[in-house]
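Notes for the one structure printed next.
The values are calculated or read from the model by the stated rules, or taken from the named source; none is laboratory data. The structure presented is a predicted model; accordingly, all values stated were derived computationally and were not measured. No Cβ is skipped: glycine too gets one built from the backbone with ideal geometry, and neighbour counts run over all protein chains shown.
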Amino acid sequence: MRRALSSGWPTSTAPPLPRGAHGDVFLDGEWLGVLPPNIVPDNVVTILRNLRRNGFNIMAAEVGDDERESLVVDAEENPFRELSISYDRGLDEIQLTTDEGRMSRPLLVVKQTHDLEQNKTELVPTLQRQHLNEIKGYDSAALGWNHLMNEQCIEYVDVEEEETCLVAMDIGALRQAHFKGTRRVKPGEIRDPVPLYTHCEIHPSSVLGVLASLVPFPDHNQSPRNTYQCAMGKQALGIYALSFHLRMDTHAHLLHYPQSPMVTTHAMKHIHFTEMPAGQNVIVGISCYSGYNQEDSVIMSQASVDRGLFRTAFTRCYRDTASRKLNNAEIFRRPGADTIGRRNPDLHLYDTLEEDGLPRIGAMIGDRKPLIGKLIPTAVQTADSQYQDDSTFVRPGEAGFVDRVVLAQDGDGNMVARVRIRILRVPQVGDKFSSRHGQKGTCGLLFTAADMPYALNGIMPDMVINPHALPSRMTIAQLMECLAGKVGALAAEPMDATPFSSTAMTVQTISSRLHKLGYQRNGNECLINGQTGIPLQAKVFMGPTFYQRLKHMVLDKVHSRSTGPVQALTRQPVEGRIKSGGMRMGEMEKDCMVAHGATSVLRDRLLFHSDATTMRVCQQCGMPGYQPNLHSERPECRHCGSAVLVAITIPYAAKLLMQELMGMGIAPRIMTQEPGCGGVLLQ
Amino acid sequence: MCPVNFPALLAHIRAVYPSTNIEQDPEDPTRQIVVPLPIVSGKGLKEAMEASLNTEFFGHGPSDSEKLRLTEFVKGLSARVDKEWDQWGLDTEAITCVPTATSIRYTYAGAEEGMPEWEREVPNDVAPALLEVVTQQQMRELCKTCRHKYGLARLEAGSVCGALAAQSIGEPATQMTLKTFHFAGVASMNVTLGVPRLKEIINAVERISTPVMSVQLLGAGIEAARFVKGRLERTLLGEVCTYIREVFDPSLARVELQLDMKTLASLQLDLTSEDVKRAILKHPKINLKPDRISCGRGGEIFIGSPNETREQLFFELQRVKLALPSVVVRGLPSVSRAVINHKTSGEGYELLVEGMGFLEIMGTSGVDAYTTITNNILEISRVLGIEAARQAIINEVSKTMAAHGMSVDLRHFLMLADLMTNTGNVTGITRFGMSKTRDSVLQLASFERTLDHLFAAAYAGTLDNISGVSESIIMGVPIPVGTGTFGLMKQPRVLKDGSLRVPSTKGRTTTLLSDGGVTLDSVWTEDPKGMDLAQVRALALSGGKRAQRGKRGKGKWKGKGKGDKNGKKGKN
């Protein structure tokens, strides 16, 4: 293509550039040349576009005119098909790009038709009824998608070029379009006004991307809520790949009983969401009930959970490598009684492991239990201590079943073991859920069936959400989804919530359908309080809504520590849940304690429950001393010889500071006096 | 600002303390009737309040302004009561009255001090239906509760009001959107507001981004305003010249400039060539002697080279030519702009002046120096003094927060302003300002520039008394604020044999003593009752041998005698 474009085209390549040269032409960022003054860049662009649409092989230029027609190329073979042509008016540059990996999307081509008799010009999509009648099927070789491309009905436009296009949302807009700059056309003259549209969307909802297409009725939501859902949809649990049982991913979640949403969008079909959905249709009641669903939390039905609602399998893969060195190879083996340095003295713990150090599939394994047995040769080889335990253990806090074991070799010939643990995650208080409208919340409480409100026909909600979540967020689409879902469930029909469609459902249409099906038209029902048996005074809006279980689960976050590992340098608690660390009391938190006047609390947090230590300090000269062995040695200060060493309680970090200062030649003397006074003298 | 919401409190009191009583029916002992309690008149209310305020209870506590608020409220209440009584024809001179269906029983205060109250009964046709009903008990309780609520709102001693002020100002600051608001109607003046302005004030920045003065005028009318504006607003030579050019001639070499007399006239600047000549001579960059510059008749000015000789003639003239446009011919050099503005409150005009030079502007004729203000704190400090600067800080900060709709209690600003000005100079809350006012090395080192402070302290042999928050935390010492304001002293228990036992305390204060020695749980053999604190302390620290372990006692440490395996040697 480069060769094609650089030959036979009206570009000036010989320096110096002539006067009036304009319109730099770039191909993939590389400067090709410049247009001579008499050539209009717009025309160049038009010609190139026609080429792209025509499928004209540029080599035909070298062929005679009469042979040109037979060289029309099918869309599949058209080398210009993915060329993007854009003209930047401000910079006066024509940018041609052929990069791989550009995002491009198909649009309908719009052309102008001139009606000489009526002196009217119209914008019309190249795609006409006859084309649609011709199409036999998407994959049909002759009359499918490619046929439409050959017929110039459709072309792929990338991001750069779309900036220069004028895209109509739908055909209706084309009909209402007016040309700018109308003037009386002289007979025989081809008028050339500026068209209002160059392309048209195949369907208005194709302006939305993959994630946004998951939202039902997004045109009825406040826009930030749609944005939030686009982010949360990525955290929803479902089936992440059909090959999940063969994959050894470090973390993976699987929803036990995924359901296709009751209320869907057209685009969902094309992204196959309905085939691998990430959520379930949940009967949701919107009511203030017990107060456990305040502040965006959600009441869930224990009965539904018991029957498998939102049950998830969480999978974690542990891996280990037995490196194969010449003399002392590491081996996978169940550590025996003769293995020294066993991390856990109880030999029976290793019973889940088989002889080869790998666990039995299906075995139940708890936290901190050995999972992969590995022995490494000891540093010092003696008769009875040859091997040392270097087994891999299950993470603290996780317990499950051994799901799959894979033994393989890596590139260096070492044996690699991977063990997958499967943990059942039943929804519990604290786990996060969300609808498709940015309405996230955690489970506040699991109500037993007895406590749940119920309708007279026995139906009780799986979830009760709080009505306060709705007014300020204006997420009406959720209510519409619920109403439409109710109709869909009763009429056994899928409901279409595609935005911008001419056959869009309105609340009126949904309501009247619901009414015809025998329910209150607004989706409200009379529910009876499960705890008291008295009917609730207010009617409750109840219906199915597609909810997602998000990957934030309380089991992954809950953490506590009283004492535990400390850092080597500062002797302060380590950081991180995995390392059993402490929660940081930061500067601003300290300020709050100070503001309360709670000094003892501060001291407790920052000293006694952190790095408190006793340090000996010479009473006379204030220099840090050493801890004498009181039996055998008389205490003596190194610096001044005084025999009185006083023990003070200070943070270890302070002792560290003192020692670091001493390392710099600064004497941090801690002057102690009677209780209540004290000072630090820096010398 | 005051903690008490009087109308709400009165409603509450009325609900809690009834204005009626239930008594036995004097005619029929088996029945009970509802008897109204005496209703207090306006006069009675005022007297009751006076009496309450003068009690010991009210004495130290509410400030005068708080008492004033209560007084105002009661005055309003009595006025309403009196009005109603007048409408019903009741005697407002009385203290209380009990209106029944048949009669009204009045109570009056004694004619003079100390004389008893007396009563009077007046027959009545219709029982008055009064709305504003307050009984004596209710009035008493009202005053009492007021005082009590005030006490609840009082800050406890040892409260860390600095941290409280910082949080109370800082938190709403995070809610402030960085919007610029119009300056009182003048579209062109955009004063810095919001978070950036707060930063400027707190950091006591010398050059603020929009220094604006609200200049009040002595004369009324637009002419006076224009006059002062002309005097203040700086005009540069470059703005009033038609041309400035070098002229080279066989006979002379000089810079010529032509003043635009028409513009000067229309701008009402009464500038003559002489004025300009003087301004040029004054300009520091152009070192001209008076004989080098002369004026023409039509506003021309001729300037020769500053040098006596012909040395560097061309370059000298060039230099002069380049410097000339920036010569200030009129107004104050520090004032870039002066805008006439209609006063927001009341009639007349004021000038909004953008720039510095507060003192000069105050001294300009036509300016009312008593009411002119500026928003530049440091200038106010220089010109009007530190107290004025303190007030200016308060004003500016509260203006900034109020402009964004935040209402923060004045006290926090008072704290901030006091902190910034108590040394006598305006010190910002930055590492520079803090260095000036703080002594603690560790505190400064923990804020910014750690090593600098440590090295400087080491060089000087500085002693850090661990008295502040930061250094106490570093050294693990109880912080002397809030709960740490005080220590704890314990009452020793007197045993049967006359000796005293002090329960063991872990930590700082142990003043157990015997004939020497410090133990965790020991028995006093000396009676400290007769000693004063110093003697007790001395005794406690005398060190020496340990006392024998008491027979009774829950010894925390096992073993006896001198330091053994478990014992600690010294304690501090």
Seminar exercise, completed: Over region A:358-392, the set of residues surrounded by fewer than 18 Cβ atoms within 10 Å (Cβ to Cβ), under 33 Å from the mean Cα position of the chain (by Cα) and among the charged types (D, E, K, R) is A:D367, A:R368
Problem set entry | strands (runs of 3 or more DSSP E) lying entirely in region A:229-301 (those with 3 or more residues that are within 22 Å of the chain's Cα centre (by Cα) and assigned by TED's automatic domain parsing to the domain that holds A:R436) | A:251-255
Exercise. Since B:I303 meets every condition but one in (1) at pLDDT 85 or above; (2) more than 28 Å from B:M356 (Cβ to Cβ), which condition does it not meet?
Worked result: (1)
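Can you pull out the residues in region A:415-454 that are in a strand (DSSP E or B), hydrophobic (A, V, I, L, M, F, W, C) and out of contact with any helix residue (DSSP H, G or I) (no Cβ under 7 Å at 6 or more places or on another chain)? Break it down stepwise before answering.
Taking region A:415-454 as the starting set, the residues that turn out to be in a strand (DSSP E or B) are A:415-425, A:432-434, A:440-447, A:454.
Next cut, hydrophobic (A, V, I, L, M, F, W, C) only: A:415-417, A:419, A:421, A:423-424, A:433, A:443, A:445-447.
Residues satisfying the conditions are A:M415, A:V416, A:A417, A:V419, A:I421, A:I423, A:L424, A:F433, A:C443, A:L445.
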For this session: Name the single residue, out of those in region A:624-668 being more than 9 Å from every other protein chain (Cβ to nearest Cβ) and modelled with pLDDT of 85 or more, that is surrounded by the fewest Cβ atoms within 10 Å (Cβ to Cβ).
Result: A:G663
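Identify all residues within region B:163-174 that are at the interface with chain A (Cβ under 9 Å from one of its Cβ atoms) and either of a type in the set (S, T, N, Q) or touching a Leu at 6+ places or on another chain (Cβ under 7 Å) (or both); write none if there are none.
Keep residues of region B:163-174 that are at the interface with chain A (Cβ under 9 Å from one of its Cβ atoms), which gives B:163-164, B:166-167.
Residue satisfying the conditions is B:Q167 alone.
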For this session: Grab the helices (runs of 4 or more DSSP H) fully contained in region B:326-407, keeping just those with 3 or more residues being in contact with a strand residue (DSSP E or B) (Cβ under 6 Å, 6 or more places away or on another chain) and closer than 21 Å to B:L198 by Cβ.
Result: none
Problem set entry | Flag if B:P123 is without any contact (Cβ under 8 Å) to a residue 40 or more places away in the chain and in contact with a Gly (Cβ under 7 Å, 6 or more places away or on another chain) | no
Exercise. Counting only residues that are more than 9 Å from chain B (Cβ to nearest Cβ) and basic (K, R), which one in region A:579-615 is surrounded by the fewest Cβ atoms within 10 Å (Cβ to Cβ)?
Worked result: A:R584
For this session: Within region A:527-571, work out how many residues are within 35 Å of the chain's Cα centre (by Cα) and more than 26 Å from A:P427 (Cα to Cα).
Result: 5
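Taking the criterion of being under 24 Å from B:L454 (Cβ atoms), assigned to a helix (DSSP H, G or I) and acidic (D, E), would at least one residue in region A:582-591 satisfy it?
Within region A:582-591 (the criterion being under 24 Å from B:L454 (Cβ atoms), assigned to a helix (DSSP H, G or I) and acidic (D, E)), the answer is yes, since at least one residue qualifies.
Out of A:T475, A:T448, A:T442, A:T503, I need the residue that is hydroxyl-bearing (S, T, Y), surrounded by fewer than 16 Cβ atoms within 10 Å (Cβ to Cβ), in contact (Cβ under 8 Å) with a residue 12 or more places away in the chain and not assigned by TED's automatic domain parsing to the domain that holds A:G172. Which one?
Going through A:T475, A:T448, A:T442, A:T503 in turn, just one is hydroxyl-bearing (S, T, Y), surrounded by fewer than 16 Cβ atoms within 10 Å (Cβ to Cβ), in contact (Cβ under 8 Å) with a residue 12 or more places away in the chain and not assigned by TED's automatic domain parsing to the domain that holds A:G172: A:T448.
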Exercise. Out of all the residues in region A:455-499, which are farther than 11 Å from A:P544 by Cα, hydrophobic (A, V, I, L, M, F, W, C) and in a helix (DSSP H, G or I)?
Worked result: A:A469, A:I476, A:A477, A:A491
For this session: Return only the number of the condition from (1) in a strand (DSSP E or B); (2) among the small types (G, A, S); (3) under 30 Å from B:K343 (Cα atoms) that B:S294 does not satisfy.
Result: (3)
Seminar exercise, completed: The one condition A:S600 fails out of (1) within 40 Å of the chain's Cα centre (by Cα); (2) in a helix (DSSP H, G or I) is (1)
Exercise. Has region A:390-401 got any residue that is outside any strand (DSSP E or B), under 30 Å from A:S213 (Cα atoms) and modelled with pLDDT of 90 or more?
Worked result: no
Exercise. Looking at A:L424, A:L407, A:L347, A:L326, which one is surrounded by fewer than 14 Cβ atoms within 10 Å (Cβ to Cβ), hydrophobic (A, V, I, L, M, F, W, C) and under 36 Å from the mean Cα position of the chain (by Cα)?
Worked result: A:L424
Exercise. Mind checking which residues of region A:519-568 are polar (S, T, N, Q), closer than 18 Å to A:G458 by Cα and outside any loop (DSSP other than H, G, I, E, B)?
Worked result: A:N524
Exercise. From the list B:M415, B:M420, which one is more than 8 Å from chain A (Cβ to nearest Cβ), crowded, with 21+ Cβ neighbours inside 10 Å and in contact (Cβ under 8 Å) with a residue 60 or more places away in the chain?
Worked result: B:M420
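Could you tell me whether B:L45 is of a type outside the set (D, E), on the phi < 0 side of the Ramachandran plot and touching a Lys or Arg at 6+ places or on another chain (Cβ under 8 Å)? Spell out how you get there, then give the answer.
On the way: of a type outside the set (D, E): yes; on the phi < 0 side of the Ramachandran plot: yes; touching a Lys or Arg at 6+ places or on another chain (Cβ under 8 Å): no.
No; evaluated as a whole, the condition is false for this residue.
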For this session: Go through (1) of a type outside the set (D, E, K, R); (2) buried (at least 16 other Cβ atoms within 10 Å of the Cβ); (3) outside the structural domain of A:P453 (by TED's automatic domain parsing); (4) modelled with pLDDT under 90 one by one and return the number of the condition A:L555 breaks.
Result: (2)
For this session: Would you tally the residues in region B:464-475 being surrounded by 16 or more Cβ atoms within 10 Å (Cβ to Cβ) and either facing chain A (nearest Cβ under 7 Å) or β-branched (V, I, T) (or both)?
Result: 6
For this session: Give just the number: which of (1) free of Cβ contacts under 8 Å to residues at least 40 places away in the same chain; (2) in a strand (DSSP E or B) does B:N287 not satisfy?
Result: (2)
Problem set entry | Identity of the residue in region A:669-680, within 7 Å of chain B (Cβ to nearest Cβ) and touching a Leu at 6+ places or on another chain (Cβ under 8 Å), that ends up modelled with the lowest pLDDT | A:G679
